[in-house]
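First up is the structure itself, then whatever we jot down about it.
The values are calculated or read from the model by the stated rules, or taken from the named source; none is laboratory data. Computed from a predicted model, the values in this text were never measured in an experiment. Heads up, the Cβs are rebuilt from the backbone with ideal geometry, glycines too, and the neighbour counts pull from every protein chain shown.
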Amino acid sequence: MSETGPFLSVVVPVFNEARQLSFTVDAIASVMVREGWSYELILVDDGSGDGTWQEIVRISAVNTAVMGVKLSRNFGKEAALCAGLDRVKGQAVITMDADLQHPPDVIPEMVRVWQSGFPIVDALKRKHCRQGFVQRLGARGFYGVLRRLSNLDLRKTSDFKLLDARIIAAWRMLSERETFYRGLIAWVGFKHGEVHFDVAKRTQGASKWPRLRLVQYAISAILSFSAMPMQVVTTLGFVFLAVAIPLTLQTLYNKFTGHASDGFTTVITLQLIIGSVLMISLGIIGSYIARIFEEVKNRPRYLISDLTGGNEKPDAR
Ligand code: UDP
Ligand code: MG
């Protein structure tokens, strides 16, 4: 850290936030100015269709610390985060949402925790005023399953984090195509510091995560952190075998003692159960194969169609 204070990078994935963006940028900039820190603010437009990019171009013309990266289409928040993290130059990087649900006022506290020797600072949600009952139940179920299957406890974590440049170097060594930012930052290890924040209400626009997409996101996170579902299938297979053997012996006994037709119900029931277990198993195996397929294709995580505020040429990572 230099005497003039740290040089910080802030990465914000942005999707259809044209009305909100200038408030967010102002809030972040005023924290930086107040603390007297130099910074770069990387806004990644994740294929917005509402004039977000024009807004980024406008803001970057006014504020030279702002740099815009435009993805060629909507690649999802994870890819947008990757695009930002691939370009950061700061001694520490802060990742946060564009809707001010991650309050910039927490940043100074995060920086102090980082300066006291924690290369990763997780901002943990204290309370969430927006979530309804179903969403809370879903989130609890997801984190519970993930914790049991992969030993990652992500219950209160969010994508609001501060990462030291060393962690960014480690992040760049991860080559998987489908990233799960929260999980991977837990996976890299190192000392994690904590700060707490209240999730504010969204002031403009709506959440960009339809229920179905959240469910897909949760499944993808579990698949990338645990092969346990496949082992569950094997265990189920053995359990069914254990049930099947005595039933088969009983059926044979009935046959030899002349009560063969009694077994009819059993056969039908067994067929149904085994059929469904087989289908579930194939589904789970299929999900992993699909994942292998995605990784093997080795496609770039995202494509960039435009840049502003920096002088680099568009490329893909
Ligand atoms: N976002 C994105 N790509 C997407 C969806 C969302 O870059 O496909 C951004 C969005 O602009 C915001 C952040 O990800 O900065 C979190 O999105 P949102 O507020 O909709 O999620 P929630 O707070 O409901 O979890
Ligand atoms: Mg939000």
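If we scan region 184-201, do we find a residue that is exposed (fewer than 12 other Cβ atoms within 10 Å of the Cβ), away from ligand 2 (no atom under 16 Å from the Cβ) and either at pLDDT below 85 or not aliphatic (A, V, I, L, M) (or both)? Spell out the reasoning first.
Going residue by residue through region 184-201, those that are exposed (fewer than 12 other Cβ atoms within 10 Å of the Cβ) are 189, 191, 201.
Among the residues that remain, those that are also away from ligand 2 (no atom under 16 Å from the Cβ) are: 189, 191.
Subsequent filtering for residues that are either at pLDDT below 85 or not aliphatic (A, V, I, L, M) (or both) retains 189, 191.
Among the residues of region 184-201, at least one is exposed (fewer than 12 other Cβ atoms within 10 Å of the Cβ), away from ligand 2 (no atom under 16 Å from the Cβ) and either at pLDDT below 85 or not aliphatic (A, V, I, L, M) (or both), which makes the answer yes.
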Residues of region 280-295 being β-branched (Val, Ile, Thr) and modelled with pLDDT of 80 or more, which ones?
Ile284, Ile285, Ile289, Ile292
Of Pro104, Pro108, the only residue that is within 16 Å of ligand 2 (Cβ to nearest atom) and either aromatic (Phe, Trp, Tyr) or touching a helix residue (DSSP H, G or I) at 6+ places or on another chain (Cβ under 9 Å) (or both) is Pro104
Give the residues of region 2-50 that are under 17 Å from Thr64 (Cβ atoms), free of Cβ contacts under 8 Å to residues at least 60 places away in the same chain, of a type in the set (Ser, Thr, Tyr) and buried (at least 18 other Cβ atoms within 10 Å of the Cβ), sorted by residue number.
Tyr39
For a quick check of your reading: which strands (runs of 3 or more DSSP E) sit entirely within region 84-202 and have at least 2 residues that are hydrophobic (A, V, I, L, M, F, W, C) and within 16 Å of ligand 1 (Cβ to nearest atom)?
92-95, 120-128, 192-199
Would you mind stating whether Glu78 is touching a residue at least 60 places away in the same chain (Cβ under 8 Å), in contact with a helix residue (DSSP H, G or I) (Cβ under 7 Å, 6 or more places away or on another chain), in a helix (DSSP H, G or I) and not hydrophobic (A, V, I, L, M, F, W, C)?
yes
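Looking at the structure I just gave you, is Ile185 within 18 Å of the chain's Cα centre (by Cα) and closer than 12 Å to Asp122 by Cα? Spell out the reasoning first.
Values: within 18 Å of the chain's Cα centre (by Cα): yes; closer than 12 Å to Asp122 by Cα: yes.
When the stated conditions are applied, Ile185 passes them.
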